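Have a look at the structure that comes next, please.
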Amino acid sequence: MSGKSNKYLSVITVECSQPLYIISSFRLFFLRSLYDDKLIQYNFGLMKWIWDDDAIKSKLVTQNVAQLMVSKLKRLTDRSQNVLKIASCLGASFSLSNISAVVDNFSQEETEADCDETMSVSSTSVREFEEEGLWERENLDICRFSHDQIQSAAFLLIPHEDRDTFRGTIGDILMKKLDPDALEESLFEVVSLRNCAISLMNREERKALAEMNLRAGLKASDHAAFDTAAVYFKAGRELLGSNAWGEGEDEFNTMLKLCCEEANACYIIGDYDTMNVLIDEVLSKDVPIKDSFKVYEVKILAMKANHQFLDAITTALDVRRQLGLSAPPNKPTSTLTVVKEYIKTNRAVKGRTAEELVALPELKDERIIMGQRMLELLLAACYQGQPTLFPLMSFLLVRTSVKHGINASSCDAFATFGLLLT
């Protein structure tokens with residue numbers, strides 16, 4: 001034994017009064033494993049720590065952090081291990097109430113067949129994990145693992161062949177036991193867990209899960225997490241399969257929404273290859289223009305981003321025609337036509353003040369709203385690719401806003417009209 005300090009164990013020379021939180025999770029686990037193996041001991045006669053350098057060096061070389069942590073966790077009771085397994089599937093940060101909902105409904109067979117203890121999450125269990133440095137409290141209900149390696153080690157406690165089923169069962173329990181508000185709060189976790197066990201689901205379960213993936217993807221999109229949204233939309237499509245286009249109306253509509261929303265997410269994150277595949281798939285189906293409008297919008301945006309301005313103009317004008325709205329030909333127009341359209345627009349505005357324009361009724365007609373969006377997209381495309389059409393699109397956007405009401409596209413309408421007047 002040796003009592004001198006070295007680079008492996010210099011941390012143990014701190015005085016006993018020094019707070020333990022200054023030691024990292026890895027060092028803490030390593031030190032505790034050394035203490036449990038009696039490779040480091042406190043000699044009360046000498047009043048100092050003593051250890052075996054060679055044995056410790058050998059242990060440091062042969063055991064990595066993950067192995068050390070797994071070994072440490074396996075020394076806990078079966079009940080504690082099962083709670084940690086469930087927590088590891090819920091993420092780096094997790095809700096104690098969600099864990100309780102799971103452990104209260106997890107069958108003995110699905111946890112440990114030879115476990116004689118009843119699994120529960122008590123205040124004693126939480127204190128045990130905190131004292132062991134496994135997780136930390138963020139508030140009364142939310143805890144988090146002290147380090148991602150601890151979460152990984154807890155997950156490794158689950159037999160490899162059982163992991164997908166284990167996670168799927170957790171997702172099923174949460175879906176059934178959480179109230180609607182709590183389920184919405186944990187939607188990402190629940191959907192991700194259930195996605196792990198799709199091979200065990202029947203057709204109806206896959207259909208329901210596809211709809212949940214659509215909800216999760218829309219929620220992620222609302223939070224601008226489009227890369228995450230694309231994952232959920234793709235999972236939903238794979239759950240339904242290509243046969244969904246020929247199935248019932250519900251499956252068809254769900255697949256249509258998944259494709260449209262994923263195409264939009266892929267456009268935003270720059271995955272143009274997947275975006276084009278999805279757009280072509282939707283447009284190859286017999287889908288009404290109002291239902292395929294989303295992919296047309298994405299297609300035009302992508303064309304503009306790739307400087308394909310004339311193609312974008314042609315597509316947007318075609319969409320307006322499909323909506324039954326007026327659309328000029330995609331070719332240069334004369335100055336006389338521009339002047340005529342200006343006069344018509346000026347008469348439509350009729351000297352209204354800015355306050356009066358703002359007070360116009362809100363546009364409600366979905367078909368007109370789609371047409372206005374196409375005009376809005378045409379403005380930038382025409383400015384770059386067909387300049388003489390630019391004022392015509394602006395005038396048409398203004399007149400439609402005055403006649404039918406204002407919406408988000410009206411902002412560009414009046415701003416561009418004002419620019420032209422100057």
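The values are calculated or read from the model by the stated rules, or taken from the named source; none is laboratory data. On a predicted model such as this, the values are computed, not experimentally measured, just so you know. Here the Cβ is made from the backbone with ideal geometry for all residues, glycine too, and neighbour counts use every protein chain on show. Please note that ligands, DNA and RNA were not included when accessible areas were found on the heavy atoms of the full protein model with its side chains. Shrake-Rupley method; radii C 1.70, N 1.55, O 1.52, S 1.80 Å.
Give me the percent of accessible area attributable to carbon and sulfur for the chain, probe 1.4 angstrom.
51 percent
First measure r as the distance between the Cβ atoms of ARG75 and ILE198, then evaluate 1/(1 + (r/R0)^6) with R0 = 25 Å and state the FRET efficiency to the nearest 0.05. List each step's numbers first, then the result.
On the way: r = 35 Å, r/R0 = 1.41.
The calculated FRET efficiency here is 0.10.
Right, here's the next one. Tell me, what is the per residue accessible area of the chain in Å², probe radius 1.4 Å?
Heavy-atom SASA per residue in the chain reads 52 Å².
Could you sort CYS411, CYS260 by their accessible area in this structure, using a 1.4 Å probe and putting the largest first?
From most exposed to least exposed: CYS411, CYS260.
Just need the relative contact order of the chain here, percent rounded to a whole number, with Cα pairs under 8 Å and 6+ apart.
8 percent
Something else: Suppose every Lys and Arg Cβ carries +1 and every Asp and Glu Cβ carries -1, with no other charges. What dipole size does the chain come out with about its Cα centre, to the nearest 20 debye?
1900 debye
Kirkwood Rh and Cα-based Rg: tell me the resulting Rg over Rh for region 283-422, rounded to two decimals.
0.96
Report the Cα centroid-to-centroid distance between region 340-375 and region 215-271 in angstrom, as an integer.
Here the answer is 34 Å between Cα centres.
Using a 10 angstrom cutoff on alpha carbons, build the Gaussian network for the chain and name the most mobile of THR353, THR388, THR77.
THR353
Counting pairs of alpha carbon atoms under 8 Å apart in space and at least six apart in sequence, what relative contact order in percent does region 306-422 give?
Normalised by residue count, the contact order of region 306-422 is 33 percent.
Also, I was wondering about something else. With runs of 4+ DSSP H residues as the only contributors, calculate the mean residue ellipticity of the chain at 222 nm using -39,500 (n - 2.57) per run, divided by the residue total and rounded to the nearest 500.
-20000 deg cm²/dmol
Rounded, prolate or oblate for region 206-309? Axes are the square roots of the Cα gyration tensor eigenvalues, ordered a ≥ b ≥ c, and the cut-off for rounded is a/c under 1.5. Provide the component values of the computation, followed by the final result.
Values: a/c = 2.09, a/b = 1.27, b/c = 1.64.
Oblate, because a/c is 1.5 or more while a/b does not exceed b/c.
Of LYS290, LYS219, LYS364, LYS299, which has the most accessible area and how do the rest follow, probe 1.4 Å?
Heavy-atom accessible area, descending, gives LYS364, LYS290, LYS299, LYS219.
In nm, give the distance between the simple-model label positions of HIS307 and THR337, each being 7 Å from the Cα along the Cα-to-Cβ direction.
2.7 nm
In nanometres, what is the gap between the two model label sites at SER152 and ASP291, each 7 Å from Cα along Cα-to-Cβ?
Between SER152 and ASP291, the label points sit 4.7 nm apart.
Starting at the first residue of region 138-143, write each ³J(HN,Hα) from the Karplus equation 6.51 cos²θ - 1.76 cosθ + 1.60 with θ = phi - 60°, in whole Hz, x for Gly and Pro.
Working through the residues one at a time gives 9, 7, 4, 10, 9, 10 Hz.
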